[in-house]
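Take a look at the structure below.
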């Protein structure tokens with residue numbers, strides 16, 4: 001997510017925070033706009049899912065979702081009352097969890113409401129961690145998809161492993177998958193991708209996507225040799241693209257094990273209900 005988008009979203013969320021009896025809260029009607037939902041009915045469905053999640057976490061819904069009425073201006077100059085909801089930080093977090101993950105606003109909100117500090121640098125760090133985990137999940141999916149596509153074109157599991165390894169060599173400037181594991185200190189039996197930075201994970205994922213797309217499109221791409229050439233070419237293109245931005249994939253330091261990172265973030269999320277302030 002671009003820095004300027006993060007700055008803008010952070011300001012928007014800060015501008016809409018209210019306080020009552022020392023508890024921060026947001027109005028659902030305002031949060032609806034912040035999260036990029038045009039229609040109240042669609043957003044209300046997300047709120048209802050969040051209420052279920054709240055109850056599942058053994059939290060009282062009324063402690064975090066308080067129904068209120070709100071006067072709004074009509075086009076004729078008159079006013080009428082509409083239903084609204086006061087939401088605690090925890091309620092907003094649950095809403096973000098149940099929102100459309102394709103929206104930048106949702107990705108930001110999950111982090112913004114999950115943390116108990118309002119320092120922007122902490123928000124950015126948490127966002128980067130979630131984005132890296134998301135990129136790792138996408139890579140797993142693209143690898144499974146590519147494996148299935150190749151199987152239909154006469155490439156078995158061992159052949160797929162060889163193709164993937166040669167793709168890694170192309171991306172990492174001649175370093176094989178095992179070379180990179182040794183270089184980054186990856187434990188035996190663990191995937192290299194679990195220790196790669198997000199930018200490299202995304203490059204591998206995109207190369208997989210392009211290979212799958214081209215193999216599906218070109219019926220002449222059958223068997224291990226021509227598909228290997230295709231996959232190597234796509235990884236070389238990824239390497240060239242990164243090089244234009246001054247990035248050498250093989251020179252980047254390892255990052256935290258995604259498995260440990262995932263456990264840590266989930267553990268932090270489980271602590272949210274205990275630390276969440278409630279509406280009185």
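The values are calculated or read from the model by the stated rules, or taken from the named source; none is laboratory data. What you see is a predicted model, and the numbers here were worked out from it, not measured in a lab. Neighbour counts run over all protein chains shown; Cβ positions are idealised from the backbone, glycine included.
In the range 154-176, how many residues are outside any helix (DSSP H, G or I) and surrounded by fewer than 21 Cβ atoms within 10 Å (Cβ to Cβ)? Number satisfying all stated conditions: 6. In the set (1) out of contact with any helix residue (DSSP H, G or I) (no Cβ under 7 Å at 6 or more places or on another chain); (2) over 23 Å from residue 173 (Cα atoms); (3) surrounded by 13 or more Cβ atoms within 10 Å (Cβ to Cβ), the condition left unmet by residue 233 is number (2). The numbered conditions (1) in contact with a helix residue (DSSP H, G or I) (Cβ under 6 Å, 6 or more places away or on another chain); (2) surrounded by 17 or more Cβ atoms within 10 Å (Cβ to Cβ) are all true for residue 196 except (1).
Conditions tested, residue by residue: (1) at pLDDT below 90; (2) surrounded by 15 or more Cβ atoms within 10 Å (Cβ to Cβ); (3) closer than 30 Å to residue 135 by Cβ.
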site: 5; (1), (2), (3): yes, no, yes
site: 10; (1), (2), (3): yes, yes, yes
site: 23; (1), (2), (3): yes, yes, no
site: 47; (1), (2), (3): no, yes, yes
site: 61; (1), (2), (3): no, no, no
site: 64; (1), (2), (3): no, yes, no
site: 77; (1), (2), (3): yes, no, no
site: 81; (1), (2), (3): yes, no, no
site: 90; (1), (2), (3): yes, yes, yes
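Checked against (1) crowded, with 20+ Cβ neighbours inside 10 Å; (2) farther than 19 Å from residue 138 by Cβ, residue 245 passes all but condition (1).
Within the range 33-43, the set of residues being assigned to a helix (DSSP H, G or I), buried (at least 16 other Cβ atoms within 10 Å of the Cβ) and modelled with pLDDT under 90 comprises just one member, 34. The residues of the range 144-153 that are free of Cβ contacts under 8 Å to residues at least 24 places away in the same chain, within 28 Å of the chain's Cα centre (by Cα) and surrounded by fewer than 17 Cβ atoms within 10 Å (Cβ to Cβ), listed by number, are 144, 148. Of all residues in the range 183-193 being out of contact with any helix residue (DSSP H, G or I) (no Cβ under 6 Å at 6 or more places or on another chain) and surrounded by 11 or more Cβ atoms within 10 Å (Cβ to Cβ), which is nearest to residue 252 (Cα to Cα)? Out of the qualifying residues, it is 183.
Of the residues 227, 210, 141, 201, the single one that is assigned to a helix (DSSP H, G or I), without any contact (Cβ under 8 Å) to a residue 24 or more places away in the chain and in the same structural domain as residue 252 (by TED's automatic domain parsing) is 141. Of all the residues in the range 177-198, those that are within 14 Å of residue 259 (Cα to Cα), part of a loop (DSSP other than H, G, I, E, B) and in contact (Cβ under 8 Å) with a residue 12 or more places away in the chain number 4.
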